[in-house]
1. Highest mean first, how do 270-281, 45-56 rank when packing is the count of other Cβ atoms within 10 Å averaged over residues?
2. Find, to one decimal place in angstroms, the Kirkwood hydrodynamic radius of segment 212-301, where the mean of 1/r is taken over every pair of different Cα atoms and then inverted.
3. Quick one: Debye curve from the alpha-carbon atoms of segment 119-200 only, equal weights, vacuum; give me log10 I(q)/I(0) at q = 0.20, 0.22 Å⁻¹ to two decimals.
4. Could you calculate, for segment 232-285, the ratio of the Cα radius of gyration to the Kirkwood radius, expressed as Rg to Rh?
5. Full-extension gain between ILE30 and ASN60, please, as 0.36 nm times their residue separation minus the C-alpha to C-alpha distance.
6. With a cut-off of 19 Å, note down the residues of segment 144-180 whose backbone N falls inside the zone around a label point 7 Å from the Cα of ALA83 toward its beta carbon.
7. List, in order, the whole-Hz ³J(HN,Hα) value for each residue of segment 156-167 obtained from phi through the Karplus relation with A = 6.51, B = -1.76, C = 1.60 and θ = phi - 60°; use x for Gly and Pro.
8. What number, in percent, do you get for the relative contact order of the chain if the mean sequence gap of Cα pairs under 8 Å and at least 6 apart is divided by its residue count?
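Read-outs throughout are calculated quantities, based only on the coordinates presented, and are distinct from any laboratory measurement. Every value quoted in this text rests on a predicted model; they were computed, and no experiment measured them. FYI the Cβ positions are ideal-geometry reconstructions off the backbone, even for glycines, and counts take in every protein chain you see.
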Amino acid sequence: MATTTATPVTTPHAPRPEAGPRKRRKVEPIYYLFLLPALVLFSLAITLPAVMGIFYSFTNSIGFGEWEFVGLINYQAMFSDPAILQSYLFTFGFAAVTVVVVNVVAFLLAVGLTARIRFKSGLRAIFVIPMVISGIIIAYVFNYLFSNSVPAAGSSLGISWLSESLLANPDLAWVAIVVVTAWQAIPGTLLIYIAGLLSIPGDVYEAADLDGASKLQALLRITLPLVAGYVVINVILGFKNFLNAYDIIVGLTNGGPGTETRSIAMTIVTGFTGGDYAYQMANATVFFLITIVISLVQLRATRGRSAL
């Protein structure tokens with residue numbers, strides 16, 4: 001009896017449907033309802049005052065009473081005002097120096113606090129303490145130190161330039177401001193660097209050690225390139241924050257000696273209380289535009305980086 005073997009019938013696979021554009025997820029109206037209170041508060045507290053301030057910068061208003069439109073007179077005057085130009089020069093110079101000091105010290109501390117040392121968790125907690133203290137309190141404490149303790153130490157050591165208060169020295173007062181500002185700003189920058197250093201795989205350093213790389217070579221050729229994104233973020237964010245310096249300067253020098261250490265923020269606030277409302281609103285508008293440009297630079301510099 002002959003037997004026949006049935007051959008399996010193969011059916012062609014059905015073609016997969018082509019992936020089309022994703023449909024946008026519909027947002028429930030209730031979400032907009034929860035967003036509304038924050039939007040209203042932001043508009044009333046931030047947006048509306050900013051728009052009104054820009055409007056009054058084109059007037060001769062003193063903050064109350066009658067006013068008239070004066071066009072661009074306030075803007076033309078501020079660009080030739082030595083006091084305003086001095087405040088911009090001081091603020092940008094102070095921000096540039098401070099951001100370098102803060103990032104160098106914070107990075108070196110982060111390297112030390114991520115190494116194999118004892119009590120590093122406790123040391124990290126100690127180094128973070130200045131970040132949680134009010135800037136004005138820090139300024140008053142250091143004001144006492146620079147006015148009393150430091151001159152006394154300078155006199156006993158025979159150092160003439162330390163025998164008097166740095167805060168009263170027109171050439172060195174900015175140094176005291178940089179020191180105090182850096183003392184408060186280093187902890188926040190330090191935490192970001194620690195996060196970056198801890199994200200580097202240990203295998204990278206083991207391979208470098210097998211290749212005979214020294215500690216300095218590993219730091220310069222491995223650590224720094226791998227935390228470059230963190231460096232960029234810390235530099236740009238720090239520079240923006242230091243441009244708004246106010247409370248520490250008020251507590252240390254109040255803008256003195258003379259106007260040598262008066263920042264842009266201090267100049268604006270002093271003008272508001274001194275009858276130059278519209279004039280300083282023009283100054284604030286220009287400063288606002290500068291911060292927008294810096295923010296755009298920040299977005300461009302950090303685009304595509306996965307540091308944070």
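1. 270-281, 45-56
2. For segment 212-301, the Kirkwood estimate is 15.9 Å.
3. Results for segment 119-200 at q = 0.20, 0.22 Å⁻¹ read -0.90, -0.98.
4. Rg/Rh for segment 232-285 comes to 1.05.
5. The span from ILE30 to ASN60 would gain 6.3 nm if fully extended.
6. From segment 144-180, the list is empty.
7. Once θ is set to phi - 60°, the couplings for segment 156-167 become 5, 8, x, 9, 5, 6, 9, 6, 10, 5, 5, 5 Hz.
8. Numbers: 287 pairs, mean separation 85.2, N = 308.
With pairs under 8 Å counted, the relative contact order is 28 percent.
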